[in-house]
Structure formats: structure tokens, C-alpha cells
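First the structure, in the form of C-alpha cells, and then the observations on it.
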Amino acid sequence: MERGYYGVGMEEVARAVGVSRQAIYLHFKSKSELVVAMAEYAYELINVPQLIQRREGAATEIEALDLGVRAYGIIEPQIYDAMRIVYSARQSDEAAEAVWQDRMAYFSVNARRLIERLEEEGSLTEGWTVDEATDFAWGVLSVHTYENLVVQRGWTIDQFVSRLGAMLRSVLVAEKDDPKE
């Protein structure tokens, strides 16, 4: 994590964990395979699908959006280091690129489900298509936004989740007419 994908060789990884380089290669054919396993393990540890699934039971589209943003706020800090390594390796490593693209597709599909629910319930702000709103939500809830605001600027995760949730609601959720009018 400290020196990145290109800053560490498999021999150094083996020394750090107290095994031979051959022992590492018995489990991982390459450094990229090790990085891919590290990223997959991070997802398993926090049970990403279960966190995402919680929003499916939400009573309203706004609650679903809030639960989705909160899930992101739980997931991203726990997978950030692993995905940062994958991101840096993806330009020259097909396995890392495949993991990166899989993660992006996974989060895009989940963002789309939220946006489709807004549209189905008549709450998507006028002027947005499902595709555009999905792209916008996916872009806002990206590792880069997390890195810029939390890692670089020092926002707390609570501040990050609160501000992103409020922004997504204000931009994508149409104001309902007051039934009293």
C-alpha cells in the first residue's frame, strides 16, 4: 500500500509475510493475481452485496438513495487501498484492468437501480434521463471523489456521506407538490 504496485516485487512481498517467493507463487501466478485476490478479499470481508442489498427494502426512493450513499460510505474506506493499487496497475496489467472494470460495472448497475426507482416513482428530476442520472450518480460516488474529499481534503466519512447524499437528492430527486395546495 505504501509503495504501490510497481514499487514492490513478489520477493519483497514474500519476505514481508515470512515465506519464500516460491510459496507466494504456489498461490499466485503473478503480482497482478495477488492484487486481484487482495481486492476480491476486501470485497468479501465487508460483504459488499449485502450492504448494497439493504437499500432494496427501503420504503421510499429517497430512503433507498440515502441507504445507497451510506453503503458507499462504508464500502469505499475499506476497499480504497486495494482499489488504489488495482487502479495504478490497470494501465499495464489486463487482470487489474478486468477487476477495475468489473468494479465500475457493479457500482454502475447499482446506481442505475436507484435511478430507475426514482423514475418509476415519478421522482426523477425533470430533464434527466435514466442514463444521464446514472452516469452522474456513478461519477459522484467514485473512488476519485472519495480520494479527493476524504483522503486529500480530510473530510470525515460522515461529512462526505451527508454532503454527497444531500447533493444527489437536491439534483436528482424532484420536489413533490404539496398535497395541501
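The values are calculated or read from the model by the stated rules, or taken from the named source; none is laboratory data. Keep in mind that what you see is a predicted model, and the values were worked out from it rather than measured. Note that each Cβ is placed from the backbone with ideal geometry, even for glycine, and that neighbours are counted across all protein chains shown.
List of remarks:
- In the condition set (1) surrounded by fewer than 20 Cβ atoms within 10 Å (Cβ to Cβ); (2) closer than 30 Å to V8 by Cβ, L141 is compliant with all but (1).
- Condition check for V150: among the hydrophobic types (A, V, I, L, M, F, W, C) and touching a Pro at 6+ places or on another chain (Cβ under 8 Å): yes
- Complete set of residues in the range 87-99 that are at pLDDT 85 or above and within 17 Å of the chain's Cα centre (by Cα): Y87, S88, R90, E97, A98
- In the range 142-153, the count of residues that are part of a helix (DSSP H, G or I), more than 23 Å from V36 (Cα to Cα) and in contact with a Ser or Thr (Cβ under 9 Å, 6 or more places away or on another chain) is one or more.
- Given (1) crowded, with 19+ Cβ neighbours inside 10 Å; (2) among the hydrophobic types (A, V, I, L, M, F, W, C); (3) at pLDDT below 85; (4) within 15 Å of the chain's Cα centre (by Cα), number of the condition V69 does not satisfy: (3)
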